[in-house]
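A single structure is presented below for examination.
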Amino acid sequence: MITTTALSKSYRNAPVVRDVSLHCEPGTITGFLGPNGAGKSTTMRMLVGLARPDHGTSLIAGHPFVELPNPTRVVGTLLDPSAMHAGRTGRATLTIAARMAGVSTDRVDELLDRVGLADAADRRVGGYSLGMRQRLGIAQTLVGDPHVLILDEPANGLDPEGIAWMRRLLRDFADRGGTVLLSSHLLHEVQATADHLVVISQGAVVASGPMDELLASSSLLVRTSDPEALAAALRAARVDYVAGPDQTFVVDMVGGAVTTETVARIAFEKQVLLTELRHSDAGGLEQLFFSLTAADAAPTQEAAA
């Protein structure tokens, strides 16, 4: 599993990551979301020993990354697909990675075929598209047959077919007991792929938990026989909502200021009949994300650093 406890990091006295605690269980895919500069990449770099935290700890399979005797056999990482030697072929890149991991190079052809690069195996990486480099990077993460994957924007540059392929690959990895920590700006893809969600804003975790529970708690579906009266009542109470079809409203619950009791009381006081009032994920991950990260719209410390 992956765990961090109160992980913190500052650059030039500017806080970038603040008391970030994560817990990613085997058999799950955790989506790690946040705006640009919110602290995602810095957190991932601290997980794999590329940045030293000011405070806090991080463990992979129960050990700090730097104490793993052969990290490649435990965790596969993809933090920067451009960090490859442009003059080497795809086959040579994986062959070197296999030798460094101490595993048989017989896996190279298998992995090239698995990521869809068998026909481009002997082309130089400098001639690969971004999507092809992403595929090669994912193959590198799998070279040591690890139990954990840490991936920063792995879908960047992939076409729709490639994104669907990656989703299947990660789901299969998790279903076989693997642990995946995945950052992405493709919110709909994260919603379709991840089981758990961690949202970070201005360096701190603002939401964490199972995907379905977080989505269910993010909005209410309200139906009424008098939509105009309900809309006026919600506006007067300064409750955010989106009007939908069939006399329905989706009411934002993020932040905890609005509950089912709040809406029921507003309707009762204005004598508006409600015919339905229940939790809903109609707004989806996009609504949840923007509601949680509204304060991060301005440039953040990580971006400045």
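The values are calculated or read from the model by the stated rules, or taken from the named source; none is laboratory data. Bear in mind that the values here come from a model prediction, so they are computed numbers and not experimental data. Note: ideal-geometry Cβ built from the backbone for every residue, glycine included; neighbour counts use all protein chains shown.
Sort through VAL180, VAL205, VAL242 and tell me the only one that's of a type outside the set (Lys, Arg), assigned to a strand (DSSP E or B) and modelled with pLDDT of 95 or more.
Values: VAL205 fails: modelled with pLDDT of 95 or more; VAL242 fails: modelled with pLDDT of 95 or more.
Going through VAL180, VAL205, VAL242 in turn, the sole match is VAL180.
So PRO227 fits all but one of (1) crowded, with 16+ Cβ neighbours inside 10 Å; (2) modelled with pLDDT of 85 or more; (3) within 30 Å of HIS55 (Cα to Cα); what number is the exception?
(3)
So GLU269 clears everything in (1) acidic (Asp, Glu); (2) modelled with pLDDT of 80 or more; (3) surrounded by 15 or more Cβ atoms within 10 Å (Cβ to Cβ) except one condition, right? Which one?
Only one criterion is unmet by GLU269, namely (3).
Here's a follow-up. Is it true that SER201 is touching a residue at least 12 places away in the same chain (Cβ under 8 Å) and surrounded by fewer than 17 Cβ atoms within 10 Å (Cβ to Cβ)?
Details: touching a residue at least 12 places away in the same chain (Cβ under 8 Å): yes; surrounded by fewer than 17 Cβ atoms within 10 Å (Cβ to Cβ): no.
Against the criterion (touching a residue at least 12 places away in the same chain (Cβ under 8 Å) and surrounded by fewer than 17 Cβ atoms within 10 Å (Cβ to Cβ)), SER201 does not qualify.
Surrounded by 14 or more Cβ atoms within 10 Å (Cβ to Cβ), of a type outside the set (Lys, Arg) and under 22 Å from SER58 (Cβ atoms): which single residue out of THR105, THR93, THR89, THR179 fits that description?
Working: THR105 fails: under 22 Å from SER58 (Cβ atoms); THR93 fails: under 22 Å from SER58 (Cβ atoms); THR89 fails: under 22 Å from SER58 (Cβ atoms).
Result: THR179 is the single residue among THR105, THR93, THR89, THR179 that is surrounded by 14 or more Cβ atoms within 10 Å (Cβ to Cβ), of a type outside the set (Lys, Arg) and under 22 Å from SER58 (Cβ atoms).
From the set of residues in the stretch 239-261 that are crowded, with 16+ Cβ neighbours inside 10 Å and among the β-branched types (Val, Ile, Thr), which is farthest from LEU292 (Cα to Cα)?
This residue is THR248.
Of all the residues that make up the stretch 72-86, how many are assigned to a helix (DSSP H, G or I) and either surrounded by fewer than 18 Cβ atoms within 10 Å (Cβ to Cβ) or at pLDDT 95 or above (or both)?
Narrowing the stretch 72-86 to residues assigned to a helix (DSSP H, G or I): 72-73.
Those still in the list that are either surrounded by fewer than 18 Cβ atoms within 10 Å (Cβ to Cβ) or at pLDDT 95 or above (or both) too: 73.
Result for the stretch 72-86: 1.
Related question: Return yes or no: is SER225 among the small types (Gly, Ala, Ser) and in contact (Cβ under 8 Å) with a residue 60 or more places away in the chain?
Working: among the small types (Gly, Ala, Ser): yes; in contact (Cβ under 8 Å) with a residue 60 or more places away in the chain: no.
Against the criterion (among the small types (Gly, Ala, Ser) and in contact (Cβ under 8 Å) with a residue 60 or more places away in the chain), SER225 does not qualify.
Which condition number in (1) in contact with a strand residue (DSSP E or B) (Cβ under 6 Å, 6 or more places away or on another chain); (2) on the phi < 0 side of the Ramachandran plot is the one that THR95 fails?
Unmet condition: (1).
Scan ALA155, ALA174, ALA164 and give me the residue that is in the same structural domain as GLY37 (by TED's automatic domain parsing) and either closer than 14 Å to LEU33 by Cα or part of a strand (DSSP E or B) (or both). Please lay out each step first, then the result.
Working: ALA174 fails: either closer than 14 Å to LEU33 by Cα or part of a strand (DSSP E or B) (or both); ALA164 fails: either closer than 14 Å to LEU33 by Cα or part of a strand (DSSP E or B) (or both).
Of the residues listed, the single one that is in the same structural domain as GLY37 (by TED's automatic domain parsing) and either closer than 14 Å to LEU33 by Cα or part of a strand (DSSP E or B) (or both) is ALA155.
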